[in-house]
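Trainee: Starting off with a structure, shown below.
The values are calculated or read from the model by the stated rules, or taken from the named source; none is laboratory data. Quantities reported herein were computed from a predicted structural model and do not represent experimental measurements. FYI the Cβ positions are ideal-geometry reconstructions off the backbone, even for glycines, and counts take in every protein chain you see. What goes into the accessible areas is simple: the full protein's heavy atoms, side chains included, and nothing from ligands, DNA or RNA. Shrake-Rupley method; radii C 1.70, N 1.55, O 1.52, S 1.80 Å.
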Amino acid sequence: MHVQRMTIPELEKPENARWLALLIDTEGAIGWKRKRERHIIRGRTYIYVYVVPYISVSMKEIESKRTVDTAAYLIGVSPATYETKAGEKIRTFTVDYGRAMATIHYMKPYLDKFKRMTILIQTLFKYHTFIPYERFKHAITMLFGKYLIAKQANQILLQMIEEEFKAFIRKVERITLEYLL
């Protein structure tokens, strides 16, 4: 099953995609996580929602509220402010699969630090709109030898020479076909 990409009209303008790519390159991350939301219906039924992959941009609110709000607007999502355990206020937004993949698609030519991460994410999610968390975690473990967060994986990808990275992506394609379909 091949997923049709959503369009984000605001990001079809190269200057917007370039701006957002620069923002995510310098302040955010493209990665993965297990997002869990619990909804209670009629007092007893629970629905859990899991979203992988995601794009999250977070910076200190004092420095960047307008920047994050503009980025969220370009993607078409709502930003939120939360307080960390250390008492630091963070302005952030998270997007679901369809918008994340569309955003990655439009930003890809302009990314620098996360260009290889986008190739990894697009290869892993080539045939799906959703991968169960345990399968995804297993695939990441197979690729890197242990489960890593996205920022750790990105550092490894950036240290690879071009031939190593191409061989790595061939391995990702095999794992995607063998374990994630």
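Trainee: Charges only on Cβ, +1 for Lys and Arg, -1 for Asp and Glu: so what's the dipole of the chain about the Cα centre, in debye to the nearest 20? Don't skip to the end; give the middle numbers.
Mentor: Numbers: 30 positive and 19 negative charges, 131 e Å.
The calculation lands at about 640 debye.
Trainee: Quote to one decimal, in nm, the extra length available between Gln159 and Lys137 on full extension: 0.36 nm per residue of separation minus the C-alpha distance between them.
Mentor: Numbers: separation 22, 0.36 × 22 = 7.92 nm, distance 2.20 nm.
Value of the extension gain: 5.7 nm.
Trainee: Can you give the three extents of the C-alpha atoms in the stretch 99-140 along their principal axes, from longest to shortest, in whole Å?
Mentor: Computed over the Cα atoms, the extents are 32, 19, 12 Å.
Trainee: Please tell me the relative contact order of the chain in percent, rounded to the nearest whole number, where contacts are Cα pairs under 8 Å and at least six residues apart. Present the calculation step by step, with values, prior to reporting the outcome.
Mentor: Details: 248 pairs, mean separation 44.7, N = 181.
Relative contact order comes out at 25 percent.
Trainee: Can you tell me the length gained on complete extension of the stretch Ala167 to Gln122, counting 0.36 nm per residue apart and subtracting the Cα distance? Numbers along the way, then the final one.
Mentor: Numbers: separation 45, 0.36 × 45 = 16.20 nm, distance 1.59 nm.
Extending this stretch completely gives an extra 14.6 nm.
Trainee: P(r) of the chain in 10 Å steps, Cα pairs, percent per bin?
Mentor: Cα pair-distance distribution for the chain, in percent: 9, 34, 36, 18, 3, 0.
Trainee: Give me the percent relative contact order of the stretch 80-145, please, defined on Cα pairs under 8 angstrom at least 6 residues apart. Don't jump to the answer; show the numbers that get you there.
Mentor: Working: 22 pairs, mean separation 12.8, N = 66.
Computed value for the stretch 80-145: 19 percent relative contact order.
Trainee: On the accessible surface of the chain, probed at 1.4 Å, how many percent belong to carbon and sulfur atoms?
Mentor: Working: 5350 of 10570 Å².
So the carbon and sulfur contribution to the accessible surface is 51 percent.
Trainee: At 7 Å along the Cα-to-beta-carbon direction for both Gln152 and Thr70, put a label point, then send me their distance in nm to one decimal.
Mentor: Going by the 7 Å Cα→Cβ label model, 3.5 nm.
Trainee: Could you pull the Rg and Dmax for the stretch 79-149, using just the Cα atoms, both in Å?
Mentor: 14.8, 41
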